[in-house]
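Undergrad: Can you keep this structure in mind? I'll have questions shortly.
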């Protein structure tokens, strides 16, 4: 091994201004590098280059998305419930009784393709730390997943690995997995989506922010040691010290230790409860670089760090590698000197390693003007001396060109009305079973059975029902409900409407369990922002979500953007996943989707139109994607939501289920199977349209005999179209229509619904 | 006097809050016990809750066995004096501590399984099952990755012949447990290990039933009756 050279210091940066630097290998554009030189008035040291390259990466800086994401703030509805908005680790909303909830969804797509188990596991770990960092106890998780075709070989590698990773990490943290969704599509092969959501609960006064006030306060790194995992570009900087082969062996995907994270959660919550920290930040993407620059930028602007004090699991790491390492299960706290002993005692109790690595410093007015002053030393030599705000807050912002793709017109004019429809009841029946059993529509319990939904004992509603709902305190009946939805087919056909439909479906799912929607998080999964067509999808999508949130009064509290989900020139169908959080005053009134009481009346809420663009029927039966997605009517969604939540409040509904993929056919089949009873239903007009249309703003509700009038009056009060369509009972789903009847025994439905995933995945 | 039932928290315990809630719902006072304190705080009985103590490193329950608290608990439990219920990871700890025979190994599916599970109660004379009727079927929660109960044939025969199989799985086999065994007891009937989770079936709102509460009302009845555990 060659001799290890000394670190690249600020002094050497001054004395060797022309040393070539590998900014391009680190993913920086030439003008970005020039800007760094301009900020510093010299070339950056290797350590500074490391910091800027990761902090200005797309993932950390949102440089391509920022101009569009601003709408979520600019169009934010007036909402007194919003306590912390976008920009912090996660948004916080007031849910009453002095309690607040923080929630966020984040992607871990690319790592989950490279190494599905660890990629997905550390995705859960990362979002849980974001929630913890706000001062909240994480109380539940959920996931939105997309995979390539279920029968593709690579899906059989990726899906079981992703699921085992989520299961391994989430179960070991003791967080119930209360819901989510799973979908399949050709574009996701090579680009699986793993979006993990976490929700946490706290008292208002417990909210913590990423800031480092108070000169003299200590900077403490606690949790796991720092290793070479997750270092992407740092090896380029360190290339003098290792040969190529050793780099190849270094994992670029982080490895998770949920036991350490569980201890870190309990330790942090005890530190918060005893008021031992003044600022806190988790270490996620960009590790120490991100935590130090963001904490410093959020405080005085000044910080001094002794990088050589960072505890390592590999003593050979260079300053650059330490700065870029994404080793998991680490946190950084700002602690008053007088409280250090108590802080360390709590860490000791939880067997958590804690190391003081620096302190908060004062800055001169000139330094403040420049963006603060962050200094890092390595065995006494200065390797970083930079204004931290220039890395954390003042990264590049791009107005990427965008244009509606030329092929969009042809796609939209490829009307599914031209597709052959079932010729008779026999064919209609067969298609109901096919759609019901299709991966992504059919039973996901092969996946969800691997997740603990019960731990903590507060899960009131979970998979397979419409939302996940938890009770948030022992001394009250208040709860929160969460649902995530996203439909890449709809969004491909019309990104503006498709995103609003994703939002509307999550909104509807929350309401269908009896909660009132309050706030929104989102994970925007797209192809390359350097493709003007993808950028148009992104611009339309964000505009659609911001407009919808404004109209229905639910602010976006935070979220995440994942670009570059594409293989070669082929991007995934744009897949914005929208998470809606709702509040329910009394969880005892919650609704589930099982129609389990003989004799209950079945009502259909909402209006059914001939809408098949992007539908599950067109996809499953014809492999077709074209036309326009269902019409968006947000006022109708709001009215439907109010009817559902009020019906739950007043005890007028026994169960409810929203209509989405596969329309009425799938909703009725699921409610029947979950209740273990048949349904006798009759529909007017064309049975095919009645069963398979995916018109939005619809739900089915089971109502106890004697309450029909009150329920009808409630729907009428809110102007929601309503029809009594049948009765719960028997052992078959029987749909009578003017031309005949479609009847399918429950056992046959169950076999179609439950067999798809196990057949494809077992024996993997 | 209210019975005091200790619930132990190890690093990595997860269902400790749930076990404490079940104890309280049954009418007893839950007492938090910390793994690192060799102090049972004078409790009348102890629950070892579910979770992943010490991350399940080495083997499930293998490290927890050496916790300072266990040095107090094990002799008291072995003598028949202290009632102990081990649930899931707690069952694994009891086996690793040799308070119960056999071991829990990876599910036959090689995957974690979470499902609502019917059990048949076969021994109603233990400190933790006297509220049930013999042969009663109860619906509780099973959620575990290493829940397959194994022991050698002689041990299994001995467990069966001495009536120490407490609960058995009903219906299709969830995890590959020998002879469908879901829970067993020691020779005194004071120590019971269960792989399924009765503490998650104590409230209609959050569980599949309330039929798990009987384990916790059983210990109250036993303590109230002052019945000395067979020594």
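Undergrad: From other protein chains only, count the Cβ atoms within 10 Å of every residue's Cβ in A:445-454, then give the mean.
TA: The per-residue average across the peptide is 5.
Undergrad: What's the FRET efficiency of residue B:157 with residue A:186 using the Cβ-Cβ distance as r and R₀ = 60 Å, to the nearest 0.05?
TA: 0.60
Undergrad: With a/c under 1.5 counting as rounded, go ahead and sort the stretch A:290-334 into rounded, prolate or oblate using the C-alpha gyration tensor (a ≥ b ≥ c being the square roots of the eigenvalues; past the cut-off, prolate if a/b is larger than b/c, else oblate).
TA: Prolate is the answer for the stretch A:290-334, as a/c is 1.5 or above and a/b outweighs b/c.
Undergrad: Follow-up question, since we're still on this one. Where does each of A:595, A:563 land when they are ranked from fewest to most other beta-carbon atoms within 10 angstrom?
TA: Fewest to most other Cβ atoms nearby, the residues stand as A:563, A:595.
Undergrad: What is the distance in Å between the Cα centres of the stretch B:161-219 and the stretch A:377-418?
TA: Here the answer is 54 Å between Cα centres.
Undergrad: What would the Debye equation give as log₁₀ I(q)/I(0) for the stretch A:10-150 at q = 0.09, 0.19 Å⁻¹, counting only Cα atoms as equal point scatterers?
TA: -0.46, -1.15
Undergrad: Between the stretch A:616-683 and the stretch A:33-73, how far is it from one alpha carbon centroid to the other, in angstrom?
TA: Their Cα centres are 45 Å away from one another.
Undergrad: Can you tell me how much longer the chain between residue A:114 and residue A:724 gets when fully stretched, taken as 0.36 nm per residue apart minus their C-alpha distance, in nm with one decimal?
TA: 214.5 nm
Undergrad: Over chain A, what is the percentage of antiparallel beta bridges among all DSSP beta bridges, to the nearest 5?
TA: Percentage antiparallel, nearest 5: 80.
Undergrad: Sort A:686, A:466, B:172 by Cβ crowding within 10 Å, fewest neighbours at the top.
TA: Details: A:686 16, A:466 30, B:172 5.
Sorted ascending by nearby Cβ count, the order is B:172, A:686, A:466.
Undergrad: Let me ask another. Once label points are set 7 Å from the Cα along Cα→Cβ at both residue A:407 and residue A:445, what is their separation, rounded to one decimal in nm?
TA: 4.0
Undergrad: Hey, what did chain B get for relative contact order, percent, Cα under 8 Å, at least 6 apart? Mind dumping the intermediate values first?
TA: Values: 568 pairs, mean separation 48.3, N = 231.
Across chain B, relative contact order equals 21 percent.
Undergrad: Can you put A:523, A:172 in order of Cβ neighbours within 10 angstrom, beginning with the fewest?
TA: Ranked by crowding around the Cβ, least crowded first: A:172, A:523.
Undergrad: Calculate the spin-label point distance for residue A:379 paired with residue A:397, positioning each point 7 Å from the Cα along the beta-carbon direction, and give it in nanometres.
TA: Result: 4.3 nm between the two label points.
Undergrad: In the stretch A:738-764, which residues have a backbone nitrogen under 18 Å from the label point lying 7 Å from residue A:430's Cα in the Cα-to-Cβ direction?
TA: So the set is A:741-745, A:748-749, A:752-753.
Undergrad: Here is a follow-up. With an 8 Å Cα cut-off and a minimum separation of 6 or more residues, compute the relative contact order for the stretch B:103-225 in percent.
TA: Working: 266 pairs, mean separation 38.5, N = 123.
RCO, the stretch B:103-225: 31 percent.
Undergrad: Additional query: Report the gain in length on full extension from residue A:309 to residue A:19: 0.36 nm times residue separation, minus Cα-Cα distance, nm rounded to one decimal.
TA: 101.6 nm
Undergrad: I would also like to ask the following. With N denoting the number of residues in the protein assembly as shown, provide Rg(C-alpha) divided by 2.2 N^0.38 Å, to two decimal places.
TA: 0.96
Undergrad: Still on this structure: So, in nm, how far is label residue A:736 from label residue A:364 when the simple model puts each one 7 Å beyond its Cα toward the Cβ?
TA: 9.0
Undergrad: Looking at chain B only, what percent of DSSP beta bridges run antiparallel? Nearest 5 please.
TA: Close to 60 percent.
Undergrad: When a/c reaches 1.5 or more, the comparison of a/b and b/c decides; with that in mind, is the stretch A:599-698 rounded, prolate or oblate per its Cα gyration tensor?
TA: Oblate is the answer for the stretch A:599-698, as a/c is 1.5 or above yet b/c matches or exceeds a/b.
Undergrad: Shifting gears a bit: For the stretch B:76-153, what does the relative contact order come out to in percent, with C-alpha contacts under 8 Å and a separation of six or more?
TA: It rounds to 33 percent for the stretch B:76-153.
Undergrad: What does the average come to when, for each residue of peptide A:159-171, you count the partner chain Cβ atoms lying within 10 Å of its Cβ?
TA: 2
Undergrad: Where does helix A:46-55 land angle-wise versus the long Cα axis of chain A, in degrees 0 to 90, nearest 10?
TA: It is inclined by approximately 20 degrees.
Undergrad: Another one. Averaged over peptide B:47-55, how many Cβ atoms belonging to another chain are found within 10 Å of each residue's Cβ?
TA: Details: counts 0, 0, 0, 4, 6, 8, 1, 3, 8.
Across the residues of B:47-55, the mean count of other-chain Cβ atoms within 10 Å is 3.
Undergrad: What residue among B:143, B:41, B:17 has the largest mean-square fluctuation in a Gaussian network model of chain B, using Cα springs under 10 Å?
TA: Ranking B:143, B:41, B:17 by mean-square fluctuation puts B:41 first.
Undergrad: Provide the FRET efficiency to the nearest 0.05 for the residue A:274-residue B:81 pair, computing r from the beta carbons and using R0 = 60 Å.
TA: For R0 = 60 Å, the calculated efficiency reads 0.95.
Undergrad: Quick check on the stretch B:66-135: take the gyration tensor over C-alpha atoms, sort the square-rooted eigenvalues as a ≥ b ≥ c, and tell me if it's rounded (a/c under 1.5), prolate or oblate.
TA: oblate
Coordinate-derived values only; no laboratory data. Note that the coordinates shown come from a computational prediction; the quantities given were computed from them, not determined experimentally. Cβ sites come from the backbone with ideal geometry, for glycine too, and all protein chains shown count toward neighbours.
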